[in-house]
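Take a look at the structure below.
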Amino acid sequence: MKLPCGAWAGSTFLLVSISALVVGCTTTEVSQVRPASTEKIIGLVWTLERPGHWETPNALVECPDGLQHTEKDNYYAMEKSVREDLGNKFGHRWFRGPNGENSSAVPWAIKDVLPFKEVQSEVSFGFDLDGTQDGRQTPLTCGHQKFRDAAGDGLVDNQLYRVMGCTKGWRSTGAAAGYRMMEFPHYPQNRILIEISKVNDEMNDDLVEVVFYKGMDPLPKTADGQFLPGLSQRVDTRNPVIARTSGSIAEGVLSIEPVDLATFPYRWNTRTGTRDWYDMHFTLKLTDDGAVGLLGGYQDLENYWLMYRRGLAVSVDNSAWSPPSMYAATVRLADGHRDPVTGQCTAISSALKVEAVRAFIVHPPESFNAAQFALRGY
Amino acid sequence: MIIKTKKFTRRRVLRGMLEGSAVAVTLPFLDVFLNDEGSALAATGSPLPLRFGTWFWGLGMNPKIFVPRNIGMDFDLPEEIAVLKDVKKHLNLFTNFRIPTDNKPNLCHYSGWVALRSGATPSGRRDLPNESLDMPIANAIGGGTPFRMLNFAATGNPRDSYSFRSADAINPPEISAIEVYQKLFGQEFHDPNSSSFTPDAAMKLRKSVLSGVLEDSKSMYKTLGVNDKARLDQHYTALRELEGRLELQMQKPPPALSCLKPSKSPEEIQVGLDSRSVEARHKAMTDLLVMALACKQTNVFNMLYSNSASSLTREGLPDVHHNITHEELIDEVLGIQVQSSWFLREAFKSFAYFVDALARQPEGDGFLIDNVLVYAHSDNESAKTHVLDGTPMFTVGGAGGRLNTGLHIDGKGDVATRLGYTVQRVMGLPIDNWGSGSLRTSREISEILA
Amino acid sequence: MKFALFTLRLTILIIAAMVYSSAIASTTTERPHNEEPEVSGASPSMRLLSQSQYKNSIAAIFGPQISSNVRFSPVQRIGGLEAIGARSIIVTIGALEPLENSARMISAQIVSEANRDLLIPCQPSAAIKRDDNCAKIFLSRAGRLLFRRHLSDVELKNVVNVAGASAEQAGDFYDGLSQALAYLLISPKFLYIQENFEADPEQPNYWHLDGYSKASRLSFFLWDAAPDSRLLDAAERGDLSTQEGLHREVKRLLASPRLEQGVRAFFEDMLIVEAFDLLTKDPIIYPAFTSQAVTDAREQMLMTISDHLIAREGDYRDLFVTRNTFMSRALAVVYRVPAHVGPVDWVPFEFSENDHRGGLLTLVGFLARYSHPGRTSPTNRGRGLRETLLCQHVPDPPPNVNFELFENSTAERKTARQRLEAHSSNPICAGCHRLTDPLGLVLEKFDGAGQYRETENDAPIDTSGSVNRVPVSDAIELGETLHDDPALTSCLVSRVYSYGTGRELSNDDGHLLDYFDREFENSDYRFVDLLESTVTSDAFFKVEVDDDLLAMENRNDYQD
């Protein structure tokens, strides 16, 4: 009897396939070989913010004429009759505006009597923003004095330091600076996450990517008051990405390609808003658990004053400043984003000291529904 | 005029003279020595009840730096108990007493306290062969107060209680100072010194509910086995005690001149066995206890600072106290376990606070501590080797003049139950012996009797 | 030649067919016949409600908006379970006090304006006067659910009278009702689960629990709460005495979402979860292990267990190898993993393939709990594993043990293994320590807070060990080896039976437990199936009645 060829083929096939099955089950699986990725991501969450001021004890060097005249000083420097008139019409001394407005609400409309005390220091923290050697006027910037870099060689711009450095409240022991230090990590509106990706070597890497996100999670502390590294920090996708840029690491210090405009979410003294930086610079020294560094650039003045007025109206006394003269100083000393028509600079150079700890920056999973989250919070 | 001295003796009182001055209270004082309530009289005429309590700490002591060289009065305070300097005059210290276990095993961190509380050594880890001595004392003197007894565990662990009727009936401790405050000085507190008293109508309703429950649940007996019947009996006893308390609270409380309700609830204390937390909890509970005693809310109390196998911790140390007693090397120069001694010194620091709190609280013409007897002890002598013999013990307080204080008694190898026996007798229990097996004794420690 | 070829082909085909058919056959092997042996049962018990049973019952009867914050006094752990200690616990005044407070507070909430319309099905004719009719309607329903049986006429009369008399005294119907509710809640008839028995109609001289007692035993076991109205109805109809009726109710209980409460309560008892109440770690050595992490570690363990056993209907043994769990923010720091989860939320989480974790023994809840405040304890971990998961007793250390051999870390002894070397080399110590240390040392790459590490004091950590002499090299292998250890499943079986019946097991129960072991195996180790086979067995409701008990007039009020 002759079986059809097909059957033979079939049974051979069966035999072969069974053998293959047997053989296959007993040999070890051969896994796909993929090149191991050497790139990693460093996640950081910004924990503390301090003004980028250079200080000496009792401000002897930077404020040789003493600390800033306060609102109270300016009020009592007015003529008695004027004061009494104001008092009768509007009551409290804060209400010095032309129509009795709070002085921090309309600082431009009031002229302080006492002179403003600028910082006299030659040294400051900050970044070289205008690229000049002497702070001369350029098409984009206004003439101003530069500082010697407190953290290295070279010259830096920090006009806001010039304005604020002699204000008691903004010195590192001052009420406003202290409150800010408490408030910054406390509220999720201030949560800033820094994701450094494409890192091949944490000490030296020519090209990395740096992205600033807004986060949304609390920052618990350890029993002895330190911020806990290793937390998961979720990216708040309701907020647009704050900034994305490239960077490089040299000897463990990260620097970035400056960002044209970075809009940070901001909560200050119970008010919420934004803080806008032009030409944002950033350096960060990486440590095992975190990082320490400096962020700087030009702060948009209108945006700055909007937040400052709203935020610090009640603290003129405990932070010892006077809004009208401070406002005038910022206008006078502003050095960036020059308006071609009026010649007035609309942004002011400044810097912030940054401390951060390592964190897992967690992006939402694929199943995440941003719209639902925005609506319901889950 | 009452002389503020502890050196009362019956002989002196009968003579009517004490150190050259007339004593205002003489024979009536004596009568009261013999009466059922065992309370002493103050010049004001209202009774000063005698109170009993216990205080416990775990893991014994380091004999080398704990046992004083001198016996009797004016004994020295070696470094481990140096912190007791200011309260020494209120204490008696007992060393060199034995706890024989007969043929039963020495169950670590168990046999010692069971023996000292109940007079008998346990045969297994869940065995409590006899009730603890605070129970018959509470029966004798606990009546007439809203709380038959108050138990506290500074550790915050609800299982830390060495006051029991049996293994299945362990009196639960208070573990939160805030709850203690609510219980003692919350809504149901009536200021004994206020001139007005409005009985809470709700009490009456509560009481009648309890009576009703007692009546109604008698029908359960019909279908219960012997053991369960006994359990139900004890439940009924508890219901009746609760009824009694409500009854008491419907009456105006007796005046207690030094009673002062604490103005606010204690702060929240972090849960856990860190020595700082335990110390804070102990302090808060002690303060409340002392005021509860002054306000006559109880006459019997038990305070546990650390349990027998103390798991207290110290910030920065990876191990608990108990492990340290076993693993720490003896320091070559000092000859002691340094870290372990730190924990013990902390315990004695809290003990000093406890004694001082009783001594500072005014009562009558003297202080609360005059009318208190606290039986304090640990669970072993040297924890490293679980030695039972030499387990240190203290008494605190003058027990209404019945005890001398300020003495160091060397037991000379006698059984430790002599102290428990003495203490029960001083509190007025009509017993003529205590303890079982080798722990049985009928000899008081006469040196401390006034 | 052709014939040879044909034969060859045929042979090949036959071989193929045989291979194929045997492959099929192996998946449909006949289950061995498993017959339940006879046992004598235990005496009827009177167990005190546990704290969770009390709270769950109140919530189920009156709704979750009624808060019942009462702390029960601790119960002795006997035979590894508090459920057995409940059988002999005695209520002292100290334990009764909080119960009385709780009774009043719960009652006040129930009759409060916010709740009365929802919970009280009738209204009094006048709110300031007594109304026995309305009181009777409400109290007979509430009483039935609280006492877990219908009230006798006398009982009902008594409680209605309490309501009425109190209403008169207080001048308020609802105050009166509140007193009556407190009366029910403080009654031993509520606080104790008293078991009653009746003759087994099919087997003379055999006794079993009566209908109501069966309902209670089932419900407290499977739902950790008092029987609901439907179960009581079934008991009253006699359904629980028929196989069909019993199975129907059991299936209902097992299918309910309330099963999770019961399963949790069981594992909380078996795994001695109360230890978490006092668990703290040194904040300097383990700063990430906050008090929130403790709470979450406990919760993670229980969620993982109930998710695996109920939702996933998983093989019990796989609990020791599964990579599925849940993660919270506080725990993510300890595990050092990213987790997209809000501050107080949980997300399902799976450990990655190359993570060193997998199974219950690698969860922080096990690792941190059996460690010291600032370092690991391989001995404790081994002991915890043996005693709670394998039901094997590890003796206490002798009182005269000399620990000087076992020093703190020095230059020579950097790792725990080196420090514990004395345990294994000294024959006096080795006897017991070889039960614990070889297990615990395998987990040494997880520090005292359960965090992963490669070295200790800069020395590499060796995680080799053994389970009953089977060598294992790391935590994953430990889980896999335990998975195959018969003690793992037989321990669970014995605990389940012990917990459900509330009694210690004796040698007589050996055959019965073997039976349950086989049932468990036959169901592919599904926990819910184990529960079912346990509660539907003949033994579960069997009762042994001694002569004294028989001689008593053993009829309860309500049985008349």
Restricting to the stretch C:88-136, name every residue that is of a type outside the set (S, T, N, Q) and facing chain B (nearest Cβ under 9 Å). C:ILE89, C:ILE90, C:VAL91, C:ILE93, C:GLY94, C:ALA95, C:LEU96, C:GLU97, C:PRO98, C:GLU100, C:ALA103, C:ARG104
For the structure I just gave you, tell me whether C:ALA199 is out of contact with any Asp or Glu (no Cβ under 8 Å at 6 or more places or on another chain) and closer than 20 Å to C:THR242 by Cβ. yes
Can you tell me which residue within the stretch A:198-223, out of those that are more than 14 Å from chain C (Cβ to nearest Cβ) and part of a loop (DSSP other than H, G, I, E, B), is nearest to C:ARG329 (Cα to Cα)? A:GLU202
Taking B:GLU332 as meeting all but one of (1) farther than 22 Å from B:PHE56 by Cα; (2) within 12 Å of another protein chain (Cβ to nearest Cβ), write down the number of the exception. (2)
What's the number of the only condition in (1) at the interface with chain C (Cβ under 8 Å from one of its Cβ atoms); (2) modelled with pLDDT under 90 that B:ALA238 fails to meet? (2)
Extreme residue, surrounded by the most Cβ atoms within 10 Å (Cβ to Cβ), among residues of the stretch C:102-132 that are of a type in the set (Val, Ile, Thr) and in a helix (DSSP H, G or I): C:ILE110
Determine the pairs where a residue that is touching a residue at least 60 places away in the same chain (Cβ under 8 Å), located within the stretch B:214-240, has a partner that is not aromatic (Phe, Trp, Tyr) with Cβ atoms under 6 Å apart, the partner being 6 or more residues away or on another chain. B:ARG231/C:ILE90; B:GLN234/C:ILE90
Could you list, in sequence order, the residues of the stretch C:133-160 that are under 23 Å from C:GLY171 (Cβ atoms) and crowded, with 16+ Cβ neighbours inside 10 Å? C:CYS134, C:ALA135, C:LYS136, C:PHE138, C:LEU139, C:ALA142, C:ASN158, C:VAL159, C:VAL160
Among the residues of the stretch A:357-375, are any among the aliphatic types (A, V, I, L, M), over 30 Å from C:VAL337 (Cβ atoms) and either in the same structural domain as A:GLU195 (by TED's automatic domain parsing) or touching a His at 6+ places or on another chain (Cβ under 6 Å) (or both)? no
Could you list all residues from the stretch C:306-352 that are in a strand (DSSP E or B), touching a helix residue (DSSP H, G or I) at 6+ places or on another chain (Cβ under 8 Å) and either small (Gly, Ala, Ser) or at the interface with another protein chain (Cβ under 9 Å from one of its Cβ atoms) (or both)? C:MET327
Are any of the residues in the stretch B:105-122 surrounded by fewer than 18 Cβ atoms within 10 Å (Cβ to Cβ), at pLDDT 95 or above and in contact with a Ser or Thr (Cβ under 7 Å, 6 or more places away or on another chain)? no
Being over 24 Å from B:TYR421 (Cα atoms) and more than 14 Å from chain C (Cβ to nearest Cβ) is true for just one of B:LEU77, B:LEU91, B:LEU116. Which residue is that? B:LEU77
Return the only residue of C:TYR206, C:TYR183, C:TYR212 being under 26 Å from B:ALA238 (Cα atoms) and either not assigned by TED's automatic domain parsing to the domain that holds C:VAL111 or not aliphatic (A, V, I, L, M) (or both). C:TYR183
Subset of the stretch A:253-274 that is at pLDDT 95 or above and assigned to a loop (DSSP other than H, G, I, E, B) - its residue that is surrounded by the fewest Cβ atoms within 10 Å (Cβ to Cβ): A:GLU257
Would you confirm, using the coordinates I've provided, whether A:GLY152 is more than 24 Å from A:GLY297 (Cα to Cα) and at pLDDT below 90? no
For B:GLY212, are the conditions met, namely being out of contact with any His (no Cβ under 7 Å at 6 or more places or on another chain), within 7 Å of chain C (Cβ to nearest Cβ) and outside any helix (DSSP H, G or I)? no
Residue check for C:GLY63: under 17 Å from C:ALA182 (Cα atoms) and either in contact (Cβ under 8 Å) with a residue 60 or more places away in the chain or more than 11 Å from every other protein chain (Cβ to nearest Cβ) (or both): yes
Restricting the stretch B:191-213 to residues that are small (Gly, Ala, Ser) and free of Cβ contacts under 8 Å to residues at least 12 places away in the same chain, the one surrounded by the most Cβ atoms within 10 Å (Cβ to Cβ) turns out to be B:GLY212
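This table checks each residue for (1) within 14 Å of chain A (Cβ to nearest Cβ); (2) in contact (Cβ under 8 Å) with a residue 60 or more places away in the chain; (3) touching a helix residue (DSSP H, G or I) at 6+ places or on another chain (Cβ under 6 Å); (4) crowded, with 19+ Cβ neighbours inside 10 Å.
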| position | (1), (2), (3), (4) |
| --- | --- |
| C:LEU271 | no, yes, yes, yes |
| C:LEU279 | no, yes, yes, yes |
| C:ALA288 | yes, yes, yes, yes |
| C:GLN292 | yes, no, yes, no |
| C:ALA297 | no, yes, yes, yes |
| C:MET301 | no, yes, yes, yes |
| C:THR304 | no, no, no, yes |
Just one of the numbered conditions (1) outside any loop (DSSP other than H, G, I, E, B); (2) modelled with pLDDT of 90 or more is not true of C:LEU550; which one? (2)
Quick check: is even one residue across the stretch B:362-370 under 24 Å from B:LEU293 (Cβ atoms) and surrounded by fewer than 19 Cβ atoms within 10 Å (Cβ to Cβ)? yes
For the stretch C:143-170, the count of residues that are more than 11 Å from chain B (Cβ to nearest Cβ), outside any helix (DSSP H, G or I) and among the hydrophobic types (A, V, I, L, M, F, W, C) equals 0
Just to check your reading of the model, which residue among C:ASP175, C:ASP228, C:ASP224 is closer than 27 Å to C:ASN115 by Cβ and in the same structural domain as C:PHE62 (by TED's automatic domain parsing)? C:ASP175
Top-ranked residue of the stretch B:270-287 - restricted to ones that are under 15 Å from B:SER306 (Cβ atoms) and in a loop (DSSP other than H, G, I, E, B), ranked as farthest from the other protein chains (Cβ to nearest Cβ): B:LEU273
Residues that are part of a loop (DSSP other than H, G, I, E, B), touching a His at 6+ places or on another chain (Cβ under 8 Å) and at pLDDT 80 or above, drawn from the stretch C:399-454: C:LEU420, C:LYS445, C:GLY448
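The values are calculated or read from the model by the stated rules, or taken from the named source; none is laboratory data. Bear in mind that the values here come from a model prediction, so they are computed numbers and not experimental data. No Cβ is skipped: glycine too gets one built from the backbone with ideal geometry, and neighbour counts run over all protein chains shown.
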